[in-house]
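Values quoted throughout were computed directly from the atomic coordinates according to the rules given, and no laboratory measurement underlies them. Keep in mind the model is a prediction, meaning the values are calculated, not measured. Cβ placement follows ideal geometry from the backbone for every residue including glycine, while neighbour counts extend to all protein chains displayed.
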Amino acid sequence: MEWKDENVTQAAIKVEGISYAYGDVEAVKDLSFEVAPGEILGFLGPNGAGKSTTIKILTGQLTPKSGTAQVLGIDVSADDPVVQAQIGVCFEEKNLYESMSGKENLRFFASLFGIKDVDTEELLRRVSLADRGKDRVSSYSKGMRQRLMMARTLVNSPKAMFLDEPTDGLDPVSSQAIRKLIKEEADRGAAVLLTTHDMWEADELSDRVAFINEGELYTIDTPENLKLRYGKRSVKVRVREGDGVREETVSLDDAAVGEQLKAAVTASGLMTIHTEEASLEAIFIQMTGRGLEG
Amino acid sequence: MSRPVSHLSIVRSILVKDLKEYGRDKLWAFLTVLVLVAFIVMYWVLPNSVDETITVAISPSFETMVETAADTAGAEVDSDRLDELVAGLEQEQGLAIVSVESAANIEALVAGDATAYVDGSQTIVVPKGARPPQGMQKADVNIGIVFPDDFLAATASGEKTTVQVFVDATVPEEIRVAMVGIVGEFAYAVAGDALPVAVPGPEEVYVVLGQDRLGDQVTPRESFRPLLAFMVLLMEGLVMSALIAKEIQQRTVSALLVTPATTGDVLAAKGIAGALSGLAQAVVLLAATGSLSVEPALVLTLMLLGAVMVSGVSMIAGSAGKDFIGTLFYGMLFMIPLLIPAFATIFPGSASAWVRVLPSYPMVQGLVNVATYGDGWSDTLPSLGALAAWCAGLFVVGWFILKRKVETL
């Protein structure tokens with residue numbers, strides 16, 4: 001499947017035709033995409049689609065069987081510590097040191113980047129853990145651990161961030177806190193590759209989304225464009241009429257669309273007006289024949 | 001572009017973290033202290049002397065034999081001289097003689113069906129299960145010799161006579177042969193003939209190879225010392241295996257490897273942490289057992305290399321296990337063979353060829369030779385060389401396996 005990304009001018013993350021297989025199972029097939037500084041690219045796909053494998057390749061944990069991947073202009077296969085020093089990775093697993101406190105975890109990881117004066121208080125404050133910094137991670141809830149994982153991702157103020165399902169299974173408050181952080185980091189200028197199978201989250205956070213299924217990239221574009229391209233350009237109007245409900249679809253391409261909508265809005269029995277754009281999940285299913293939760 | 005942070009700095013950070021984690025693991029910390037204290041106590045409880053006395057029961061008694069011979073010859077017995085001779089025989093180093101009335105008693109004593117109790121020249125044989133007499137000392141009879149009544153007269157006149165020797169099944173072959181030799185020598189002496197072989201006396205020249213431990217035999221305490229020291233290292237090896245396995249199972253190692261830390265940095269830190277903690281405990285054990293008085297630098301070098309070797313094995317075991325039980329299983333699987341050379345030092349004699357090729361053999365043997373037989377640096381160089389080679393080999397294998405494991409997480 002070929003596509004050309006014309007929106008990116010200077011990529012922080014650049015992937016060209018990478019492939020990877022676990023034995024005979026092809027996890028990633030000829031994948032190509034780019035992420036610009038300050039951009040959030042949502043990587044959407046069901047479990048086993050190849051999202052985590054892609055992140056592993058881009059963070060130097062796996063070497064691609066073919067193709068090239070560059071982060072901040074350096075080939076990740078070279079295992080260059082200069083790249084590692086400028087990236088932040090948030091894993092799907094809560095891989096923290098349980099017997100150490102939140103602060104100790106942050107200080108330890110900062111020391112691996114050669115950062116001696118890391119402001120752990122500020123990092124913990126950003127993830128709403130300022131009052132639990134001295135407690136051991138073993139006493140943290142799942143949401144608190146995930147927030148600490150995000151704080152850990154930020155210890156080196158990364159220029160490229162790889163976030164693997166950062167809000168998976170979290171309560172709405174923790175999820176919202178993490179989404180806010182991701183936005184802030186992108187605003188700071190970090191390129192963010194965010195894998196998720198949460199369509200709503202991808203829609204809210206991502207500047208662009210990429211659909212991946214069975215290791216293949218199906219499409220990549222802004223959520224808006226995808227919805228417009230795959231959705232219907234129409235508005236559904238529901239009006240109460242006597243004891244019944246009248247439903248009317250107004251095409252946005254119709255020459256008289258303005259008058260029709262005006263009439264609908266001013267109608268006395270107006271109940272609802274909905275645009276007919278498709279959800280990302282519906283588009284994904286339409287393109288891949290498979291749901292995101294699979 | 002140069003590295004953003006040095007390997008040394010990263011290794012130090014991981015090392016400090018590992019030691020912190022290790023100290024906070026209550027189970028392993030408790031086991032470490034428990035093992036250390038238990039081994040130190042065990043060392044001091046073990047006997048520090050060797051009882052090499054062999055108790056020989058004879059029948060009839062020397063007095064009876066002499067009196068029978070005197071009656072036959074129609075001669076008078078000088079009782080004082082006889083007592084002096086018997087006392088001289090009984091004071092022979094390493095030999096205790098118990099006189100028993102009948103051959104049946106001797107057989108019962110050696111077979112374990114009866115027990116001898118001694119008080120001066122009086123001996124009472126008590127059947128198994130019967131109540132022992134008060135105020136008498138128990139004598140564990142290993143060998144029994146039954147002389148014929150006319151033994152002295154027959155040997156003095158040059159006649160052939162038969163002596164029965166009973167031995168306990170546990171008596172080693174060489175002692176059995178020696179006893180037969182003693183009987184023969186005794187007969188020669190009675191007959192007035194000299195042995196056809198010249199044996200130099202203690203005042204003459206003995207060729208002693210190594211440190212002469214005559215009268216200062218290796219005690220159980222000394223025999224167990226290498227075993228205890230090595231078991232402390234192995235215990236530490238198990239702890240390191242568990243910590244490495246935990247790092248893999250909790251995937252924290254993946255978090256390390258997306259920073260400037262390399263697999264080599266992680267492994268170097270683990271190896272140093274394992275070797276340091278193992279060495280520290282071994283030093284505590286050796287110091288608490290007074291084993292650092294001879295060649296302390298050499299003993300510490302041997303222990304350091306041993307600790308590094310065990311760390312290498314720990315990496316293999318830690319990478320192989322999928323969970324706590326699996327790690328424990330692989331840990332024991334790799335560690336137990338390493339204990340064999342240490343067990344071998346408890347028993348006298350040379351180790352089998354296959355034991356000599358085990359990685360722990362040079363360390364254990366080196367430790368025994370230095371602490372027990374006073375070997376120095378030059379004597380121990382071959383052991384140090386072999387141990388260093390094993391360390392390098394095991395570390396490389398452990399390194400490779402753990403690296404593979406990390407890459408496939």
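A few remarks follow.
- A dipole drawn for the protein assembly as shown from +1 and -1 charges on Cβ atoms has a positive end, and of A:43, B:163, B:62 the residue lying farthest that way is A:43.
- Note on A:98-104: average number of Cβ atoms from other chains within 10 Å of each residue's Cβ is 3.
- Note on residue A:122 and residue A:271: their simple-model spin labels are 5.5 nm apart, each label 7 Å out from Cα toward Cβ.
- The alpha carbon radius of gyration of the protein assembly as shown, expressed as a multiple of 2.2 N^0.38 Å, is 1.59.
- Distance between modelled label sites at residue A:255 and residue B:250, nm, 7 Å Cα→Cβ extension: 7.2
- Each label point was placed 7 Å from the Cα along the Cα-to-Cβ direction; for residue A:248 and residue A:65 their separation is 5.8 nm.
- Rounded if a/c under 1.5, otherwise prolate or oblate - the stretch B:94-135, Cα gyration tensor axes: oblate
- About its Cα centre, the dipole of the protein assembly as shown is roughly 3940 debye, where the only charges are +1 on Lys and Arg Cβ and -1 on Asp and Glu Cβ.
- Eligible lysines near residue A:236 by straight Cα distance, threshold 22 Å, same-chain separation 8 or greater: A:227, A:262
- Under 5 Å, built H, 5+ apart or other chain: amide partners of residue B:58: B:98, B:99, B:100, B:145
- Summary value for chain A: 22 percent relative contact order, contacts being C-alpha pairs under 8 angstrom separated by 6+ residues.
- Each of A:53, B:260, A:158 was scored by the projection of its Cα onto the charge dipole of the protein assembly as shown, and the greatest displacement toward the positive side belongs to A:158; charges sit on the C-beta of Lys, Arg, Asp and Glu.
- Over 25 Å (Cα to Cα) - which of A:51/A:183; A:159/B:246; B:26/B:246; A:116/B:20 fall in this group: A:159/B:246
- Listed values for the stretch B:121-131 are Karplus-derived 3J(HN,Hα) couplings in whole Hz (6.51 cos²θ - 1.76 cosθ + 1.60, θ = phi - 60°), namely 8, 8, 10, 10, 9, 10, x, 4, x, 7, 6, and x replaces Gly and Pro.
- In the protein assembly as shown, the DSSP-assigned H stretches of four residues or longer account for a calculated mean residue ellipticity at 222 nm of -15500 deg cm²/dmol, using -39500 (n - 2.57) per stretch and the full residue count as denominator.
- For the peptide B:5-14, the mean number of other protein chain Cβ atoms found within 10 angstrom of a residue's Cβ is 3.
- Cα gyration tensor, the stretch B:4-47 - rounded (a/c under 1.5), prolate or oblate: oblate
- Global form of the stretch B:335-409, assessed from the alpha-carbon gyration tensor, a/c cut-off 1.5: prolate
- If you plug the beta carbon distance of residue B:19 and residue B:388 into 1/(1 + (r/R0)^6) with R0 = 30 Å, you get a FRET efficiency near 0.75.
- Using the average count of surrounding beta-carbon atoms within 10 Å as a protection proxy, the listed peptides A:279-288, B:230-239 rank, highest first, as B:230-239, A:279-288.
- Taking θ as phi - 60° and the Karplus parameters 6.51, -1.76 and 1.60, the scalar couplings of the stretch A:126-138 work out to 5, 10, 6, 10, 4, 7, 10, x, 8, 7, 5, 4, 4 Hz in sequence order, x denoting glycine and proline.
- Alpha-carbon centroid distance for the pair the stretch A:9-27 / the stretch A:238-272, whole angstrom: 49
- Charge dipole of chain A (Cα centre as origin; +1 on each Lys and Arg Cβ, -1 on each Asp and Glu Cβ, all else neutral): 860 debye, rounded to the nearest 20.
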